[in-house]
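Heads up: the structure comes next, in structure tokens.
The values are calculated or read from the model by the stated rules, or taken from the named source; none is laboratory data. None of these values were measured; they are calculated from a predicted model. FYI the Cβ positions are ideal-geometry reconstructions off the backbone, even for glycines, and counts take in every protein chain you see. In case anyone asks, the SASA skips ligands and DNA or RNA and just uses the protein heavy atoms, side chains included. Shrake-Rupley method; radii C 1.70, N 1.55, O 1.52, S 1.80 Å.
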Amino acid sequence: MSTLHPTLDHVDHVDHGAHGHAHEQSFISKYVFSTDHKMIGKQFLITTMLMMMVGGALALGVRWQLARPWERMPLFGDMVFRADGGQISPEAYTMLFTMHATVMIFLVIIPVLAGAFGNFLIPLQIGADDMAFPTLNMLSYWFMWPAIVFFGVSFFMEGGGPAAGWTSYPLLSLLPEAAPGSRNGQTFWLLGLTFVGVSSMMGSVNYMTTIINMRAPGLTLFRMPLTIWSMFITAILQAFALPVLTAAGFMMVSDRLLGTCFFVPSGIVVNNAPPTVGGGQTLLWQHLFWFYSHPAVYIMLLPAMGMVSDMLSCMCRKPIFGYKPMVYSMAAIAGLGFIVWGHHMFISGMNPALGMTFMVSTIMIALPSAIKTFNWIGTIWGGRVQFNTVMLNCIAFVSMFVIGGLSGIFMAAVPVDIYIHDTYFIVAHFHYVIFGATLFGVFGGITFWFPKMYGRLMNETVGKIHFVLTFIGFNCTFYPMHMLGIAGMPRRYADPYHFPYLEHLLPLNQFMTAAAFLMGFAQFLLLGNFFYSMYFGPKCGRNPWNANGLEWTAPSPPGHGNFDVPPIVYHGPYEYGSPVSGDKDYLMQTDYVPLDQRIALEDH
């Protein structure tokens with residue numbers, strides 16, 4: 001066992017590429033309305049990290065209520081909930097969990113993977129100088145800001161913010177008398193969702209075009225890093241699934257503002273209001289919403305799978321185990337993701353034959369997922385594992401994905417899902433897959449590609465402390481949720497202890513809340529390490545991890561145009577420990593080895 005310390009060689013080359021292609025840019029064109037894919041990727045990354053703190057703060061509000069129901073919240077209670085004496089009211093509670101999920105899904109997880117890492121890595125890893133459509137790329141970032149504004153403004157609307165959950169099921173999200181936030185706050189939520197969708201669609205078109213048309217000479221499809229494969233498949237998912245949700249959003253806005261009745265049935269009485277007039281179908285929204293939102297789970301996961309595969313191979317100094325099966329598995333997961341949306345609707349009622357179909361197709365996703373897990377473990381097995389911050393986060397990704405994936409199989413079965421669907425078991429499963437897996441992959445990715453972004457290294461000790469606190473806090477927060485769910489504790493209740501059979505769960509919830517606060521405050525270590533290292537971290541060279549990918553042949557940070565010399569690819573990205581690499585244990589994709597020399601080295 002050994003520890004890989006990133007090297008500081010070639011520091012003198014850091015600015016070489018930048019000088020080679022530099023041209024004068026104003027502050028506005030360089031840092032604000034930039035068309036450079038690297039700057040846009042950094043803009044996405046910093047924005048999503050700040051949004052992560054906002055979403056996390058909303059989650060801590062939820063956890064406070066579950067641990068200390070009807071108690072005055074210290075520090076922020078009198079400022080935020082003054083009208084209720086510093087307590088979180090039931091209406092505020094529903095708003096908190098609605099906006100927590102909205103912020104974390106639409107403003108953190110999706111944009112940090114596709115927006116930040118997709119933008120930064122795609123041209124660098126395929127040997128291109130930029131995206132195919134730089135201006136469209138810039139707009140994909142700036143279209144996210146109206147969404148942030150709309151979501152933020154919705155908090156201050158009369159009646160409060162949206163409070164129908166991130167799924168926004170009608171009638172809760174349609175009728176003002178159904179939920180406090182079903183007024184203008186819900187309309188602003190829908191508008192924000194539309195802008196997020198347009199932003200993602202712009203990125204999707206750009207990624208597919210760039211990967212198909214702008215690969216370096218020699219970079220065949222099966223020489224692409226798995227990060228690129230995952231971004232490519234994710235872009236296809238977005239292109240086919242997103243228009244459905246966007247159309248559904250416009251239909252709901254039309255119902256709310258223009259009086260149409262796509263989702264409003266007739267004769268429904270809510271809170272003693274006059275009966276509804278219409279002929280629509282509430283289930284139609286669920287079908288349209290989940291046709292996008294189940295593939296969206298893989299939009300939130302597949303890029304992290306690709307990134308972790310790249311990092312694992314490098315940190316184990318071993319070729320990725322089963323490269324092509326990994327590609328086919330990702331494609332299979334994405335394809336199956338389009339035909340399983342009905343498993344979110346088992347309790348809505350459906351024909352048993354249809355339920356069986358959705359159940360079987362959902363269980364089938366376990367097969368490609370298991371292949372990927374097996375291949376990650378096969379990559380680690382027998383490798384020279386480097387236990388640094390990157391590797392620890394990658395191992396956490398695999399471990400949390402296994403737990404979240406196994407709990408998902410339970411929910412694929414109709415009889416089990418009907419019992420646990422509205423319980424905390426679902427919350428546990430979702431957070432293990434999306435937070436536990438994806439965000440640990442993101443944390444590893446930030447540490448791994450930070451040297452390429454800023455030409456400096458992040459602090460390793462702070463990185464490990466952040467990992468340990470986050471890992472402990474995460475598991476102590478979310479693992480007990482499985483037990484809460486099995487005990488029958490429903491989600492989305494401001495005071496579940498109102499029911500005597502749940503009273504004994506209060507101490508466990510208090511423990512989980514303490515762990516959640518630990519995890520939340522640990523993220524300040526990440527932010528501090530990130531921004532401090534940006535200016536004061538030790539400088540590094542082009543390839544501090546001794547990795548093989550094309551991005552590591554460019555200067556750190558790369559200048560305009562990325563590469564000093566247009567790269568030509570001769571190998572795949574995972575040639576670690578190759579006999580033709582000579583004294584090194586890695587062989588960069590651009591390293592040319594003549595045939596006679598290759599034969600001699602292989603014989604040796």
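Within the stretch 212-231, the set of residues being in contact with a Phe, Trp or Tyr (Cβ under 7 Å, 6 or more places away or on another chain) and surrounded by 23 or more Cβ atoms within 10 Å (Cβ to Cβ) comprises just one member, MET231. When the stretch 339-355 is filtered for residues that are under 18 Å from ILE233 (Cα atoms) and either open to solvent by 50 Å² or more (accessible area, probe 1.4 Å) or among the hydroxyl-bearing types (Ser, Thr, Tyr) (or both), only ILE339 remains.
Highlighted here are the helices (runs of 4 or more DSSP H) found entirely within the stretch 42-126 that include at least 3 residues which are out of contact with any Leu (no Cβ under 8 Å at 6 or more places or on another chain) and closer than 30 Å to THR590 by Cβ: 119-126. Taking each residue of the stretch 542-553 that is free of Cβ contacts under 8 Å to residues at least 60 places away in the same chain and looking for partners that are outside any helix (DSSP H, G or I) with beta-carbon atoms closer than 7 Å, six or more apart or interchain, yields THR553/ARG542; THR553/PHE563; THR553/PRO567; THR553/MET588; THR553/THR590.
When PHE443, PHE358 are checked against the criterion of being assigned to a helix (DSSP H, G or I), buried (at least 20 other Cβ atoms within 10 Å of the Cβ) and modelled with pLDDT of 95 or more, a single residue qualifies: PHE443. Report, by residue number, each residue of the stretch 379-394 that is surrounded by 14 or more Cβ atoms within 10 Å (Cβ to Cβ) and either touching a Lys or Arg at 6+ places or on another chain (Cβ under 9 Å) or farther than 14 Å from SER309 by Cα (or both). Once the filter is applied, which keeps residues that are surrounded by 14 or more Cβ atoms within 10 Å (Cβ to Cβ) and either touching a Lys or Arg at 6+ places or on another chain (Cβ under 9 Å) or farther than 14 Å from SER309 by Cα (or both), the stretch 379-394 yields THR379, ILE380, GLY383, ARG384, VAL385, GLN386, PHE387, ASN388, THR389, LEU392. Go through the stretch 232-253 and give me each residue that's open to solvent by 20 Å² or more (accessible area, probe 1.4 Å) and within 21 Å of HIS287 (Cα to Cα). Result: ILE236, ALA239, PHE240, PRO243, VAL244, THR246, ALA247, PHE250, MET251, VAL253. From the set of residues in the stretch 446-464 that are assigned to a helix (DSSP H, G or I) and charged (D, E, K, R), which is least open to solvent (accessible area, probe 1.4 Å)? The residue in question is LYS452. Screening VAL153 on (1) β-branched (Val, Ile, Thr); (2) in a helix (DSSP H, G or I); (3) under 22 Å from the mean Cα position of the chain (by Cα); (4) within 17 Å of LEU58 (Cβ to Cβ) shows it passes everything except condition (3). Sub-6 Å Cβ pairs linking a first residue in the stretch 153-178 that is on the phi > 0 side of the Ramachandran plot to a second residue that is of a type in the set (S, T, N, Q), at least 6 apart or interchain, are GLY165/THR98, ordered by first then second residue. Whether any residue in the stretch 562-572 is free of Cβ contacts under 8 Å to residues at least 12 places away in the same chain and either surrounded by 15 or more Cβ atoms within 10 Å (Cβ to Cβ) or farther than 30 Å from GLU71 by Cβ (or both) is what I want to check. Yes: one or more hits.
Does LEU302 satisfy the criteria of being farther than 30 Å from VAL565 by Cβ, out of contact with any Asp or Glu (no Cβ under 8 Å at 6 or more places or on another chain) and either open to solvent by 10 Å² or more (accessible area, probe 1.4 Å) or of a type in the set (A, V, I, L, M) (or both)? For LEU302, the condition - farther than 30 Å from VAL565 by Cβ, out of contact with any Asp or Glu (no Cβ under 8 Å at 6 or more places or on another chain) and either open to solvent by 10 Å² or more (accessible area, probe 1.4 Å) or of a type in the set (A, V, I, L, M) (or both) - is met. Across the stretch 490-520, the number of residues qualifying as open to solvent by 60 Å² or more (accessible area, probe 1.4 Å), at pLDDT 95 or above and within 24 Å of the chain's Cα centre (by Cα) comes to 2.
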